[in-house]
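The values are calculated or read from the model by the stated rules, or taken from the named source; none is laboratory data. Note that the coordinates shown come from a computational prediction; the quantities given were computed from them, not determined experimentally. When we count neighbours, we look across all protein chains shown, and the Cβ atoms used for this are built from the backbone with ideal geometry, even at glycine.
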Amino acid sequence: MLKDLIYVIHKDDHSKEALRSIFNSNPEIKFVSFVGVDLAGNDTDEKIPVSIFMEDIDTFLKGSVQTDGSSVSFPGIASLNNGKIDMIADLDVNWFVDHNYEHIDLETGKPIGTLRIPCYLYHDNKPIDSRYILKNSIEFFKSSLMDLFKAYPDSLSSFGINYNDIDHIDVTSATELEFWVKTPNDKAEIEELSTSQVLHEQYWTRTKGTVRTSLEQSIMVLESYGLCPEMGHKEVGGVKAKLDDTGNLTHIMEQLEIDWKYSNPLQCADNELLARTMIKETFRRNGLDVTFLAKPVDEVAGSGKHVHIGIALKLKNGKKLNLFSTDEKHFLSSIGYSALMGILKNYEVINPFISSTNDSLRRLKPGFEAPICIVTSIGHSVELPSRNRTVLVGVVRDLQNSLATRFELRSPNPHTNTYLAIATLYLTMLDGIKYAIENNRSQDDLLIELSKNPDEEVSYLEKERAYRSEEDVFEYFTVEERERYFGKAPATVYENLTAFSKYPEKLKALQAGDIFSDKIINSFKLTAINRWITEISHRLINNYTEEIRSCKMLHSKDTASDLDMSNWMKINELRQYIMKDTHNHKSLFSKIREAADNNNYEELSNLQKELDSEMTNLRKCYACYKKNILDI
């Protein structure tokens, strides 16, 4: 990183004159790229020479750039016979300069830069992209909340203000990013990783060598971009690296986390998009691979992306009030309780936007601090803030700082589409807040309802369910109790997507303001289904094929015990059942391919669950068999 490089162009400098001056002063910036985000969370990137951009800058800034709908994911909207997508520059957020440190400008000696301009994607003159959905959701949330305060002025009495005291509503969001880093092509034994995790040998330990260098450089580059990184540290997963003959560390496999400061929701999501790219590129330049997969290694902790959300009022006198905070008698304000209830009640229709891939659902397993239950924890007492890591939504409170009170959603993963995730959270919070204000529910009323027992009938939350637990939900409850009290987590992408049809009343809460329109919901479903089928057919089966073929017979007939032969027979039967066809038997793989070809989603979903179960069984059997072989 070079001190005299330009990293950020703030919204005050988005005029033609300011940009011309910036380009003239920084000739190493050679390209401009418009960054739109489709419904799958993919961001666009192209290289427009600065000279071309400046020749027609008015069109680029106030008009649109066109792209083909085949390059972005909007099935059911952009078709082959109507695929034109217009890209409209967003002038109200920060623009970032992406520097290529491996391509140096000969004249300036600086890395070549690309100015990345966030944009909205339009089809038939209507915005359809993830960024616009978030922008529109936040605007609708704030205007609806102001309307509620105006219509029900008593809702503000607990804050000691009235409607006319409010200047505007301030909403904030932040994310934490976990990821795995390793030396290329290295593989660690699952048992070794699992043991290290159970012993907490890696969590918060000191980083070394290239990992330390890459982590420090990543924090420094995020600081250069104004993200205000707050912390970088080791996470729970990983094993100790080894030294080679030259003194360099090899066989690196570690899990890390980097956090940075909150912002408004749209800037927050843009910042995270930048951070992912910068982190990955920084580690790569040091010879390390970074993966943001939710579950890169089975049986070992996956990577999460906790999303923090808050609401505050900015008053005309300059003061700021956190709408979740309250006096010393309650955990939360009435706005806080009801917003939390809105998320919990409607989470089934939020969840498809949080976990829309096979990888994301593999992370959500008991025992890995990944939430599988729709439940919150607010604390054993008002004086003792909760830090229960087994719940879906945590309430983060700082008794010394009322402005710090916020919610932490623990289910997202690094590839969750943050734009859509945050949009769904604020829309469902609005549903809960609207219920509380319109029905004049007090803090005591709401706390009682939030803390209800299963089968206890209340006004807003569902009778059959419970929504709050201060216990470790993995240890305190049986599987049957967890599913009865807090709902059964979907096991496949298809099961998750069926929530849209299974819970029409909850979908209405998400579709308030017609932001998540039927067309957008349908396009998102098609996107997720197409990716799900493609991953199973062309990635999952191929990876499993390689793994099954690697499970070879290790014993010799001369030295094998009867247990070795029995173990191998069981393993081979599993291999044959999963992978090999005969005249009389279709393998599990063939059944899956057939279901995928016929678009039989329910059958494919059931077969996928069976496949996951059989592969887990195969791994355990082979590990047991291998341990009993003396000569390998």
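Restricting segment 283-315 to residues that are under 18 Å from the mean Cα position of the chain (by Cα) and part of a strand (DSSP E or B) leaves a set whose member that is farthest from G336 (Cα to Cα) is V290. The residues listed here are L273, L293; of these, the one that is closer than 20 Å to P366 by Cα, aliphatic (A, V, I, L, M) and surrounded by fewer than 21 Cβ atoms within 10 Å (Cβ to Cβ) is L293.
Suppose we keep only residues that are closer than 18 Å to Y347 by Cβ and part of a loop (DSSP other than H, G, I, E, B) within segment 395-425. Which one would you say is farthest from the chain's Cα centre (by Cα)? Looking at residues that are closer than 18 Å to Y347 by Cβ and part of a loop (DSSP other than H, G, I, E, B), I get R410.
Yes/no per residue for (1) within 22 Å of T418 (Cβ to Cβ); (2) of a type in the set (K, R):
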| site | (1), (2) |
| --- | --- |
| K3 | no, yes |
| R20 | no, yes |
| D45 | yes, no |
| S64 | no, no |
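Can you spot a residue in segment 616-628 that is under 28 Å from the mean Cα position of the chain (by Cα) and not assigned by TED's automatic domain parsing to the domain that holds A491? The answer is yes; a qualifying residue exists.
Note on segment 464-507: enclosed helices (runs of 4 or more DSSP H) holding 1 or more residues that are at pLDDT below 95 and closer than 30 Å to T527 by Cβ are 479-486. Under the condition of being hydrophobic (A, V, I, L, M, F, W, C) and surrounded by fewer than 15 Cβ atoms within 10 Å (Cβ to Cβ), the residues counted in segment 550-595 number 4.
I'd like the residue in segment 542-558 that is under 17 Å from C624 (Cα atoms) and assigned to a loop (DSSP other than H, G, I, E, B) and, out of all such residues, is nearest to the chain's Cα centre (by Cα). It comes out as C551.
The set of residues in segment 571-602 being small (G, A, S) and either modelled with pLDDT under 95 or in contact with an Asp or Glu (Cβ under 8 Å, 6 or more places away or on another chain) (or both) consists of S587, S590, A595.
Looking at segment 582-600, is at least one residue part of a helix (DSSP H, G or I), closer than 22 Å to D298 by Cα and polar (S, T, N, Q)? No, that holds for no residue.
Only residues that are in contact with a helix residue (DSSP H, G or I) (Cβ under 7 Å, 6 or more places away or on another chain) and either part of a helix (DSSP H, G or I) or farther than 27 Å from A528 by Cβ (or both) were counted across segment 362-394, and they come to 0. In contact with a Cys (Cβ under 6 Å, 6 or more places away or on another chain) and small (G, A, S) - does that describe any residue in segment 79-102? There is at least one residue in segment 79-102 that is in contact with a Cys (Cβ under 6 Å, 6 or more places away or on another chain) and small (G, A, S). Aliphatic (A, V, I, L, M) and without any contact (Cβ under 8 Å) to a residue 24 or more places away in the chain - does that describe any residue in segment 366-386? Within segment 366-386, one or more residues are aliphatic (A, V, I, L, M) and without any contact (Cβ under 8 Å) to a residue 24 or more places away in the chain. Just one residue in the set I52, I85, I77 is over 18 Å from H123 (Cα atoms) and of a type in the set (V, I, T); that residue is I52.
Among the criteria (1) closer than 27 Å to Q608 by Cα; (2) surrounded by 18 or more Cβ atoms within 10 Å (Cβ to Cβ), the one S469 does not fulfil is (1). Within segment 32-49, being of a type in the set (A, V, I, L, M, F, W, C) and surrounded by 20 or more Cβ atoms within 10 Å (Cβ to Cβ) holds for V32, F34, V35, V37, L39, A40.
Meeting the requirement of 1 or more residues that are free of Cβ contacts under 8 Å to residues at least 24 places away in the same chain, the strands (runs of 3 or more DSSP E) wholly within segment 1-112 are 65-68, 95-104. Among the criteria (1) outside any helix (DSSP H, G or I); (2) out of contact with any helix residue (DSSP H, G or I) (no Cβ under 7 Å at 6 or more places or on another chain), the one D445 does not fulfil is (1). Among the conditions (1) of a type in the set (D, E); (2) surrounded by 12 or more Cβ atoms within 10 Å (Cβ to Cβ); (3) under 23 Å from E495 (Cα atoms), the only one that E547 does not satisfy is (3). Any chance you could count how many residues in segment 610-621 are surrounded by 13 or more Cβ atoms within 10 Å (Cβ to Cβ) and either at pLDDT 95 or above or under 18 Å from R539 (Cα atoms) (or both)? Qualifying residue count, segment 610-621: 8.
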